[in-house]
Amino acid sequence: MSCYRKFFCHLTSLLFSLSFIFISQHSYAQDGEALFKANCQACHKPLEKLTGPALKGARDREPNKEWAYEWVNHVNTMLESDPYAKKIMAEANGSRMQQFNLKKEEIKAILDWADAYTPPVTTTNPAGQPQGDNSMIFGILTLVLALIAFILVQVNSNLRKLSDEKEGILQPEPVPFYRNKTYLMAGVLILFGLGGYYTINGAIGLGRMQHYQPEQPIYYSHKVHAGTNQISCLYCHGGAQDSKHANIPSVNVCMNCHKSINKYAGPDVLEREDGTAVDGTAEIQKLYAYAGWNPTAGKYNPDTNNDGIPDGAKPIQWIRIHNLPDHVYFNHSQHVKVGKQQCQTCHGPIQEMPEVYQFAELSMGWCINCHRESRVDFYNQADSSGNKFYSIYEKFHADIKNGKLDSVTVEKIGGTECQKCHY
Amino acid sequence: MKKYWQSFGELNQTEAFQQSAKDEFKEELLPLSDLDDKGILDAKTPRRDFLKYLGFSTAAAAIAASCEMPVRKAIPYLQKPDNIIPGVSNYYASTYVNGGDVLSVVVKQRDGRPIKIEGNELSSITRGATTAQAQASVLDLYDTTRLRYPMQKDGKDFKEVTSFDAFDKLVGAALGGLNGKPLVLLTATLNSPTTLQIINEFLAKYPGSRHVQYDAISYSGLLLANEACYGKRAIPSYHFDNAKVIVSLGADFLGTWLSPAEFSKQYAQNRKINTDKPELSRHIHFESMLSLTGSNADDRFLHKPSETGAVALALLNALNGTEASFADKNLNEGVKLAATQLKAAAGNALVVCGSNDANIQVVVNAINETVGANGKTINWALTSNYRAGIDADLVKLTEDMNNGAVGAVLVYGVNPVYSHYDGKKFADGLSKVVGISFNASMDETTEYCKYSIPSHHWLESWGDAEPKTGYFSLIQPAINPLFKTRDFQTSLMKWSGNAVSDYETYFKTYWNTKLGSVDLYNKALQDGVVEPATMPVGNGSYNSSKLEEAKVKIAAIKGGAVEVVLYQKVSIGNGSQANNPWLQELPDPITKVTWDNYIMMGPAMALSLLNLDVMNQSMGKQSNYEVHPEKPTVKITANGKTLELPVIIIPGMHPSVVAVAVGYGRQSAIPERTAEYIGRAANGAGKNAYILVGFDGTNSYSSPATVEKTGNTYPLAQTQIHGFTENRPILYETSLSSFIADPKSVLKEPNEERESLIYKGGDNFVKDATIYPDFVKPGIKWGMSIDLNTCTGCSACVVACTAENNVSVVGKIQVQRAHEMHWLRIDRYFTGSLANPDVVFQPMLCQHCDNAPCENVCPVAATNHSSEGLNQMTYNRCIGTRYCANNCPYKVRRFNWLDYTGADSFPDNQEPIVGTYMDEVVMQMNDDLTRMVLNPDVTVRSRGVIEKCSFCVQRLQETKLNAKKEQDPSLVRNVKVACMQACPTNAISFSNVNDKESDVYMIRNVEQKDRVFYVLEQLHVLPNVNYLAKVRNTDRHIGVEG
């Protein structure tokens, strides 16, 4: 079973990397898409209103065609003078747009891309199809064959006994098979082997929580946010590129968007694992309760006790899914920023998970395997590409030059040594 | 070969020592002591019981482990502050202030908790230096005995006052009802400009009131002498960095005198050897006991404390051509030597004196005038504000309180009931007035106050300090106040009706106005210091009128047959941080004793008084003194007070002098409450020696005394004898003159031996003297270099290591069993005569051997080598066989005999052994509050595993990660390990030795190559730590030469 999962995992990551290659091959409009994803996606959609207005046709709605270029880089000053700026801020329930520092060509690329945007045709993901599991059939087959072999052995011995009697050789009374010492011994050995196998595997698996999928205080769907709405993972989990912790976003980050988005309107159907339907709008209301936000008034509760937070607000106690033991040091930024790993490599197809579960085993063997296979972004002396930090590995550079080495894995630079993770 | 020894037994190879050396792990002291010598089957715990326990524990472990996994929560911020990224440390400049001590520091704050103190390199005074006490002060923030709310006395106990407003009303009423009697504000030396201004405003509201500054260890003598000679009651700036010859008359300026971090930094500057032009300052030390500074001196001479004045006078006379005439010939020689050297270096010479006798200091001022120190090594244009207390002021205050001449006393940051020689009289007086205490814990003085309103810890407060006039160091909070405490200054402002509501606002207004703009204010906060562009230098106008009077008074000083010296340890100091377990467990650099004070005496006095011949110890009952924790006690009487303390015999003591450290013996009025009020670490640690202080206008820290044998014993936890060198050469030293003559001579012997070990015929010791293959280190290879010339033994690195690496505190009982956990220790070696030996300090930590003997004996490969040259220790793999510790030639591996940290999965395996095997202080360290100090990047080790120095691998990884993120390999040069960063003398260097421009590469191959040696190099373990041979600037015979 696990080999299928591995296959699935590889397939997903392959699809992902393929899609990136695909994206980067298109030139102009696709630059717009990349810029849109990096800068705008958290608050804008091309076709619909999110926190901010839809971007398609923005230049036609605005006072003049050049307005947008001015606006993006001068939000703070324009909000004080420009009437249209004030109007769109009012439409966004008072959410103030972040001021950017983008080139005019970049803004143009984004808006051109949005104008040309058509909703993609939804296709079913072939990798998402449930994979048949043949182990049951194999198991039954093995059992049937074993039974047949057993019957044949019995028949054989009976026949031999009959033929022996016929030839006048006396045989002792047959021992029933359940008292036959050979069978008993074989049975004991098999049981011992199986028992040992499962005990050891069970013991190794103690404390491992693959597939753990607890029910969270708020039904938060990564599928809706990261999948359908394409919000960048780093928008909420920004720590992943700076810190050892990826960090669960604080409530104020949720409220950046949810000040305006107060209803859930699909398209995904929200349901729990057991099939019960979930009311997305009610879940957003739960968020408001935690944040101390009054949705009817459209503002935060007053802070009467002067503790710096709105009355009634309290942090959300999420249930932690990915736990590493205390003696393991893991640093997200090492993997995301330096190693340039996709989130999905370890967390699985998170953009398809209505509720998050632990995708990977998070065992030491699993870590080590990846470190053995993954290649570092090794510095290339010829064209100065790659991470310049690795220029200090003179021996490997010499080996590459001599053709002894074609690439440098994480293991080569010490990535499987104890004290890289245990200290 | 010259002999270096740690103990008398080692020097003389006594029977007791040899027996003890055989038994490295002290098995007879282990918890399994009921096994005796009978083997496991015949033990009191028979085989069946053993099997039962085995079965039960296996089953229990299986059940405990297979229970459901606990549900863990992840709770993000409600509104995340902009400047915090969970998991990333922030650094804030601030200032460590304790009494008058000021040290500019940088506070490492992680997820909102301060967890480490580093020196602030922007301060031109301390230049990044720290002390053990400053390093440890972050633990005081999380002290469980800190008072948590304002209180008022209710009968014998205190009860909470529910709000600050209510408290202000109570105090307002109390101060209003004084009937015109003045109030007194009693503080330690204060050098905070804003606080002094607030105090003046406060005193103006209460006419007739006064501010008394009191220092537990007084510098009144120095202040008064300077007033007499220079017209200023102040302390000048000393410039040890400008001094070619330093003569100290009992001033422990590298350990405890005035501003040791600052002086160590300056001192080390002239103690580093430049191979091209070898030069050293000359340090001549006169003292009565063996102090830290004395043990670093080039030449050291002994005298009785009552002769300090006479020595100063003799030195003055010798400078004018008269020879000294002491009965002790050595002392005459010493005075002659000092005078010649001082004369030769006139203008670049400095004489300092630790005495608190104003007359002696007057003579010392005269000497400094004669040698031209004024304006050169003594800077009167820049006065130091570390100490301002005058002893007579407190005596008068005590009288006034008892006479009813004072109505109220406000106590802030001092504890005279404990630290004053007549603390009892002070306590009587204090209970007669309205006492208000701002002290952080229910200390001896606060107990006698009617009101207690604890002030913040310095890590929670705003503030400033002016260590030197015109040089400011700012304090900014690194955490919100943990408890309901309030700034001392805010309280004064409230009670004097100040229009500004709190100190924070006052502080900000003051500094914004002073600096002129918000930007400059923010920059000052970020830098932590505000300093003038150039340092003012100038001399004071000297006036010799008091000299003759001083000479007469000095002549009248009478000595005794036996005299006692009271001193401070670098760890506990004056006792204000006595409840700090890190400091209590820090071995004294000289005696290596933890958790106690004691009487230091020389071997001669021990022989005559106790009939204890340390050079001839056998396993007999009386004379196994050195290898057994039980030490004989002696009663000491001075100034009419008596103390009974155990004896530690130390060479280099004057034969008729005993020494006792102050700062110990903290005790509540009801002794049973000490653990609760003052703390579990301070409870039972030593005895209060402040009662032996004498007074004759100024406090006197030495007096004639009588000592008396008692026949009792008392256990001391000493780490000195926990490791032996087996007569192997472990360090090398030479004198400056022979180093200049032939730089290669100092390491001739080990270098020749190394050559002789290469059997394969090549010339590469690394490759050709072993059967093992040579492994390349393709990228980084970490290396450390330790300069024995500049290591002063101050032990700041030991505390820094403890703080950085979550090293456990094990408590006195466990230290007695040699179970201390320090990853870094400072080995102290004596060499030379018993009467006056030379001392060498050698920091010893895991040497990260490339051919490590520990690695190939581990049956589970829990310790192995990394491609960066680190000897890696993997706790989760270790099964605790201790083979590695047994096989380590440096004895740096430490084993977790007990669950010191509470890290095991069974919650109750500590309480049952508290009091028998484990001290209560371990539980103090395991309190949820105290555990906030733990470094989240370092595993907290559980019972049954070995641990040791990791070269601060968490810092190495962080540095590498930053270099990778920035794609810049040169950033690896920024690496700093904890011990190196804490070191006030830069004795420790650390870097990537594959980098040919790095510090350690340069030291080993270019700058210091004649002094580089590896400890026990002949074993071919290939350490990654090298040492630099010590060079002394003396005419005596040193090391291997001749």
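The values are calculated or read from the model by the stated rules, or taken from the named source; none is laboratory data. On a predicted model such as this, the values are computed, not experimentally measured, just so you know. Note: ideal-geometry Cβ built from the backbone for every residue, glycine included; neighbour counts use all protein chains shown.
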For this session: Could you grab me the full set of residues in the stretch A:279-303 that are under 18 Å from A:Pro217 (Cβ atoms), more than 9 Å from chain B (Cβ to nearest Cβ) and not in a helix (DSSP H, G or I)?
Result: A:Asp279, A:Trp293
For this session: Take the stretch A:377-423 and flag every residue that is within 9 Å of chain B (Cβ to nearest Cβ) and under 30 Å from B:Val940 (Cα atoms).
Result: A:Lys412, A:Ile413, A:Gly414, A:Glu417, A:Cys418, A:Gln419, A:Lys420, A:His422, A:Tyr423
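Residue under question is B:Asn98, and the condition is that it be among the polar types (S, T, N, Q) and within 14 Å of chain A (Cβ to nearest Cβ); does it hold?
Working: among the polar types (S, T, N, Q): yes; within 14 Å of chain A (Cβ to nearest Cβ): no.
Against the criterion (among the polar types (S, T, N, Q) and within 14 Å of chain A (Cβ to nearest Cβ)), B:Asn98 does not qualify.
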Problem set entry | Any helices (runs of 4 or more DSSP H) falling wholly within the stretch B:711-775 and containing at least 2 residues that are more than 30 Å from the chain's Cα centre (by Cα), of a type in the set (Gly, Ala, Ser) and assigned by TED's automatic domain parsing to the domain that holds B:Arg893 | B:736-741
Exercise. Do you know which of the residues in the stretch A:187-217 that are away from chain B (no Cβ under 14 Å) and aliphatic (A, V, I, L, M) is nearest to A:Asp326 (Cα to Cα)?
Worked result: A:Leu194
Problem set entry | When residues of the stretch B:864-883 are limited to those that are out of contact with any helix residue (DSSP H, G or I) (no Cβ under 6 Å at 6 or more places or on another chain) and more than 14 Å from chain A (Cβ to nearest Cβ), the one surrounded by the fewest Cβ atoms within 10 Å (Cβ to Cβ) | B:Ile879
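Per-residue answers, yes or no, for (1) away from chain A (no Cβ under 12 Å); (2) in a loop (DSSP other than H, G, I, E, B); (3) touching a Ser or Thr at 6+ places or on another chain (Cβ under 7 Å):
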| site | (1), (2), (3) |
| --- | --- |
| B:Val892 | yes, yes, no |
| B:Trp897 | yes, yes, no |
| B:Tyr900 | yes, yes, yes |
| B:Asn909 | yes, yes, no |
| B:Val940 | no, yes, yes |
| B:Ser950 | no, yes, no |
| B:Leu956 | no, no, no |
| B:Ser970 | no, no, no |
Exercise. For the stretch A:230-274, how many residues meet the condition of being within 8 Å of chain B (Cβ to nearest Cβ) and either in contact (Cβ under 8 Å) with a residue 24 or more places away in the chain or not in a helix (DSSP H, G or I) (or both)?
Worked result: 11
Exercise. Would you say A:Tyr329 is within 10 Å of chain B (Cβ to nearest Cβ) and at pLDDT 90 or above?
Worked result: yes
Problem set entry | One residue from B:Ser248, B:Ser264 being in contact with a Cys (Cβ under 9 Å, 6 or more places away or on another chain), hydroxyl-bearing (Ser, Thr, Tyr) and within 21 Å of B:Asp1035 (Cα to Cα) | B:Ser248
Problem set entry | Any chance A:Gly386 is within 29 Å of the chain's Cα centre (by Cα), without any contact (Cβ under 8 Å) to a residue 12 or more places away in the chain and under 19 Å from B:Ser867 (Cα atoms) | no
For this session: With the condition kept exactly as written, say whether any residue in the stretch A:364-374 is under 20 Å from A:Gln241 (Cβ atoms), modelled with pLDDT of 90 or more, facing chain B (nearest Cβ under 10 Å) and assigned to a helix (DSSP H, G or I).
Result: no
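Is it the case that B:Lys781 is of a type in the set (Lys, Arg) and modelled with pLDDT of 85 or more?
The answer is yes for B:Lys781.
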Problem set entry | Search result, residues across the stretch A:302-326 that are in contact with a strand residue (DSSP E or B) (Cβ under 7 Å, 6 or more places away or on another chain) and modelled with pLDDT under 90 | A:Pro310
Problem set entry | Among the candidates B:Pro969, B:Pro1023, residue that is within 31 Å of the chain's Cα centre (by Cα) and surrounded by 18 or more Cβ atoms within 10 Å (Cβ to Cβ) | B:Pro1023
Exercise. Would a scan of the stretch B:867-881 turn up a residue that is of a type in the set (Gly, Ala, Ser) and closer than 20 Å to A:Gly414 by Cα?
Worked result: yes
For this session: Determine which single condition B:Met615 fails, assuming it passes every other condition in (1) under 23 Å from B:Leu254 (Cβ atoms); (2) surrounded by fewer than 17 Cβ atoms within 10 Å (Cβ to Cβ).
Result: (1)
Exercise. Do you know which residues across the stretch B:579-607 are of a type in the set (Phe, Trp, Tyr) and either part of a loop (DSSP other than H, G, I, E, B) or outside the structural domain of B:Pro646 (by TED's automatic domain parsing) (or both)?
Worked result: B:Trp595, B:Tyr598
For this session: Evaluate the following for A:Gln210: is it farther than 30 Å from A:Cys233 by Cβ and not hydrophobic (A, V, I, L, M, F, W, C)?
Result: no
Exercise. Before we move on, is B:Phe326 aromatic (Phe, Trp, Tyr), surrounded by 24 or more Cβ atoms within 10 Å (Cβ to Cβ), under 23 Å from B:Ala561 (Cα atoms) and touching a residue at least 12 places away in the same chain (Cβ under 8 Å)?
Worked result: no
Seminar exercise, completed: Counted residues in the stretch A:304-319 being within 10 Å of chain B (Cβ to nearest Cβ) and either touching a helix residue (DSSP H, G or I) at 6+ places or on another chain (Cβ under 8 Å) or among the hydrophobic types (A, V, I, L, M, F, W, C) (or both) come to 8
Exercise. In the stretch B:297-341, how many are part of a loop (DSSP other than H, G, I, E, B), over 31 Å from the mean Cα position of the chain (by Cα) and under 26 Å from B:Ile590 (Cβ atoms)?
Worked result: 2
Seminar exercise, completed: Picking from B:Val335, B:Val352, the residue that is free of Cβ contacts under 8 Å to residues at least 60 places away in the same chain, surrounded by 24 or more Cβ atoms within 10 Å (Cβ to Cβ) and among the β-branched types (Val, Ile, Thr) would be B:Val335
Exercise. For B:Asn624, are the conditions met, namely being surrounded by 24 or more Cβ atoms within 10 Å (Cβ to Cβ), part of a loop (DSSP other than H, G, I, E, B) and in contact (Cβ under 8 Å) with a residue 12 or more places away in the chain?
Worked result: no
For this session: Kindly establish whether B:Asn403 is of a type outside the set (D, E, K, R) and either free of Cβ contacts under 8 Å to residues at least 24 places away in the same chain or farther than 26 Å from B:Ser544 by Cα (or both).
Result: yes
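With buried (at least 20 other Cβ atoms within 10 Å of the Cβ) and either touching a helix residue (DSSP H, G or I) at 6+ places or on another chain (Cβ under 7 Å) or not charged (D, E, K, R) (or both) as the only criterion, which of B:Val552, B:Val593 stands out?
B:Val593
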Exercise. Where residues in the stretch A:340-358 are surrounded by 18 or more Cβ atoms within 10 Å (Cβ to Cβ) and free of Cβ contacts under 8 Å to residues at least 40 places away in the same chain, which of them is nearest to the other protein chains (Cβ to nearest Cβ)?
Worked result: A:His347
Problem set entry | Qualifying residue in the stretch A:294-313 (condition: of a type in the set (D, E, K, R) and under 21 Å from A:Ala92 (Cα atoms)) | yes
